[in-house]
Structures are given as C-alpha cells and as structure tokens.
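Each remark here refers to the structure printed beneath this line.
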Amino acid sequence: MEIAKSKKPGELLNWDDIQKMKYSWNVAGEVMRLSPPLQGAFREATNGFIFSGFFIPQDWKPEKFDPSRFEGNGPLPYSYVQFGGGPRMCPGKEYARMEILVFMHNVVKRFKWEKLLPDEKIIVNPMPIPAKGLPVRLLPHNAFLFYFFICTEFL
Ligand code: HEM
C-alpha cells in the first residue's frame, strides 16, 4: 500500500517499485516453500537428529507460515531451492517474481479478498492447484460488492 500511495492516479508500477516489494516477495517465497510449484524442490530431514537441544524428527519440515524467515540474509545457500540453484537455475525467476508481485500489488490495492472455501484442498496435477479453482469474494476498496471467480487457468 506504501507503493500504491506513492503513485499518481493511473501511474503504472516500474522496476524500482518491484525492487522495493521485499515483504510481498517474502510472502510469495513462504507460499512456494509450503506448496512448491515444482514438486520435489524442498528440503526435509532425512534422519531424526538433535540440534541445540531440540529434537528434529525424520521427515520434518516447518509448517508455520512465517514470511519473516526470509528477512535479513535469508535462508542459507541451497536450503531454499524453489528456483533451483547453480548453473541450471531457473532463468525465468526474475520474470516470475515480477509477474507475481504485479499481480499481488493490483489485487491488494483494489480489493479485499476472501476465500469462499476456507479449507479448499490443493491437488497436484502435476502442478499444485486449488481443487475447486480458488473461488474468492473480491470486495473492492472503493466500489460496490460483487463476486468474482478466479480460475487457476487464467493465473
Ligand atoms: C514461480 C514460477 C517458477 C518456478 C517456481 C520455477 C522453478 C524452476 C526450477 C526449480 C527449475 C529447475 C532448476 C534447476 O535444475 O536447478 C526451473 C528451470 C527452468 N525454468 Fe523455471 N520456474 C518458474 C518460472 C519460470 C518461467 C516464468 C520461465 C520462463 C519464462 C521458466 C523457465 C525455466 C527454464 C527454461 C528452466 C530450465 C533451465 C535449465 O535447465 O537450464 N521458469 N524452474
């Protein structure tokens, strides 16, 4: 909203605005950590072990939604590999980042968003998608109330 407020009416986002959206990108990163678009690009404990007095069980992966884990220097190299790593790392990463942030910005700026199916399941076919197409109620910040369905095909 800070970026939205800094723009004149009708002024579009530019590259510098995208660079400032660090928190939004942390949120997107946390979503992709919990539900990776490319299955298999995650890390989990292959064996149980004790670290600083805490027992980390086998197959464990933190499930708490916490975008702040990407603040500061972010995760250790190769511990978060949503876009792969090394010379074959995803060349579409920056394009994907821009597209996701522009989409998030425009939705948040214009609407309050409520899921119609709070417990909608995610199916993997082969990419993870909401089972019912993610029906949402979009409440425009400054207009009348209406219903809108976003089908994952259009995202
Ligand atoms: C959220 C969106 C995306 C995610 C999570 C993603 C993830 C990945 C991952 C994990 C890899 C494998 C990297 C590795 O082997 O280390 C990859 C490779 C690749 N991605 Fe993406 N990607 C995304 C969007 C895109 C987009 C938008 C494009 C093209 C415009 C793209 C093009 C490619 C290509 C061509 C490769 C193969 C690179 C190579 O083998 O040299 N990706 N992506």
Exercise for review: Rank-order 51-61, 69-79 by packing density, defined as the average count of other C-beta atoms within 10 Å over each peptide's residues, highest first.
Suggested key: 69-79, 51-61
**Study point:** Most to least packed among 135-142, 101-108, 28-35, 119-126 [average Cβ atoms within 10 Å]
**Key:** 28-35, 101-108, 135-142, 119-126
Check your understanding: Taking a threshold of 32 Å on the Cα-Cα distance, which of the pairs K64/K132; K7/K132; K7/K61; K7/K64 fall above it?
Key -> K7/K132; K7/K61; K7/K64
Practice item. Taking the chain as the reference, fit the longest principal axis to its C-alpha atoms, fit the long axis of helix 93-110 to the helix C-alpha atoms, and give the angle between the two in degrees, 0 to 90, nearest 10. Key: 50
**Study point:** Cut-off under 5 Å, modelled amide H: who pairs with F111 long-range
**Key:** H141
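Using only the Cα atoms of the stretch 2-111, what semi-axes does the equivalent ellipsoid have when each is the square root of 5 times a gyration tensor eigenvalue? Give whole Å, largest first. It would help to have the intermediate numbers written out before the result.
Working: eigenvalues 207, 51, 28 Å².
The answer is 32, 16, 12 Å, longest axis first.
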**Study point:** Residue (of F54, F83, I18) at the positive-pole extreme of the stretch 2-111, dipole from beta-carbon charges
**Key:** I18
**Study point:** lysines with Cα under 17 Å of K112, excluding same-chain neighbours fewer than 8 positions away
**Key:** K5
Review point. Angle between the Cα long axis of helix 22-34 and the longest principal axis of the chain, 0 to 90 degrees, nearest 10?
Key: 50
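A short reminder: the numbers here are calculations on the coordinates, not readings from a lab. Just so you know, these numbers come straight off a predicted model, no measurement behind them. Cβ coordinates were reconstructed from backbone atoms using ideal geometry, including for glycine residues, and neighbour counts include every protein chain displayed.
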